[in-house]
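Read-outs: derived from the displayed coordinates by stated rules, not from any lab. Please read all numbers here as calculations on a predicted model, not as lab measurements. All Cβ positions, glycine included, derive from the backbone under ideal geometry; neighbour counts span all protein chains shown.
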Amino acid sequence: MSDLKVTLIQTNLNWENIDENLRMFDEKVDSIKERTEVVVLPEMFSTGFSMAPERLAQKMDGSAVQWMKKKAAEKNIILTGSLIIEEDGQYWNRLIWMQPNGVFGTYNKRHLFGFGGEHEHYQAGDKRLIASVKGWKVCLTVCYDLRFPVWSRNAISPETGEPAYDVLINVANWPERRSTPWKALIHARAIENQCYTIGVNRVGNDGNNIYHSGDSSLIDPLGEIIYQKSHDEDIFTTTLERSRLEEVRSKFPFLKDADKFQVF
């Protein structure tokens, strides 16, 4: 299994303006000059964290998903981030894992942010998505999911003897006023799951005048901070080293001692 090149895009978002956000992300993805394989965008990247899905939701053949499909093919990358999606009269905060061949996976946010009324507008998902790229297994989560470690708990498979995943990605609109928990939880998820953990958050004020400091992060399987950026827009590309992951898991085989449990 080879190394994996990833890019994190931390940016302000144009409030409830799908066309302008797609134009902006088009430029930002085009500006990545080095080779990359997975590009991570924030939560609700086409709108900001809006509680107006009746006005903003698109279907899976809408402009945002179509843009992801076109851009992934054009740049030969995997694009991931979440969107407001309508399906069968219901609204979802849905993460898309778009591959360059147009095949995609979806994950509907499990933990809806009740404090902000998200549960009043959106349906909760009930299935994890663990995607794969170049032999790497990637667990995909959205914002508030980060507070609930059982949902993203890594475990050794009894069938293969291998951990369920190697990388945990969380895409977010996490306010600056709670940045201390954000940074602590991203860090904890990497350590407890012995995986690379990527958190991509937005910056700037949203339409409710709530400020976001970003603090997008990349943590290695031993808890070392590879990258963390506060307040400013940034595009960061680096390589996840397979040898580092294997070294940590071999030297410190903690996952095999984890409690056994099931999530219903």
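A compact table of results
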read-out: Normalised per residue, the volume of the convex hull around the Cα set of the range 179-238 (Å³); value: 75
read-out: Where N is the number of residues in the chain, Cα Rg divided by 2.2 N^0.38 Å; value: 0.95
read-out: Label-point separation, Val103 to Lys28 (7 Å along Cα→Cβ), nm; value: 2.8
read-out: Fraction of the pair-distance distribution of the range 1-151 above 23 Å, Cα-Cα pairs, percent; value: 33
read-out: Among 152-165, 55-68, the order from most to least packed when residues are scored by Cβ within 10 Å on average; value: 55-68, 152-165
read-out: Dimensions (Å) - the range 156-208, Cα atoms, principal axes, largest first; value: 48, 18, 13
read-out: For the range 111-237, size of Cβ-based charge dipole, Lys and Arg +1, Asp and Glu -1, in debye; value: 160
read-out: Share antiparallel - DSSP beta bridges, the range 156-259, percent rounded to 5; value: 65
read-out: Residues whose placed amide H lies under 5 Å from that of Ser216, excluding near-sequence neighbours; value: Asn201, Lys229
read-out: Beta bridges by DSSP in the chain, antiparallel share as percent, to the nearest 5; value: 65
read-out: Candidates Leu146, Leu185, Leu41: whichever shows maximal mean-square fluctuation once the chain is modelled as a Gaussian network with Cα springs under 10 Å; value: Leu185
read-out: Signed unit charges on C-beta, dipole axis of the chain, positive-most listed residue Phe49, Asn208, Ile219; value: Ile219
read-out: Rel. contact order, % - alpha carbon contacts under 8 angstrom, at least six apart, the range 145-213; value: 34
read-out: Lys, Arg +1 and Asp, Glu -1 on Cβ, resulting dipole of the chain about Cα centre, debye, nearest 20; value: 480
read-out: Mean Cα-pair separation over length for the range 95-239, i.e. relative contact order, pairs under 8 Å, 6 or more apart, %; value: 15
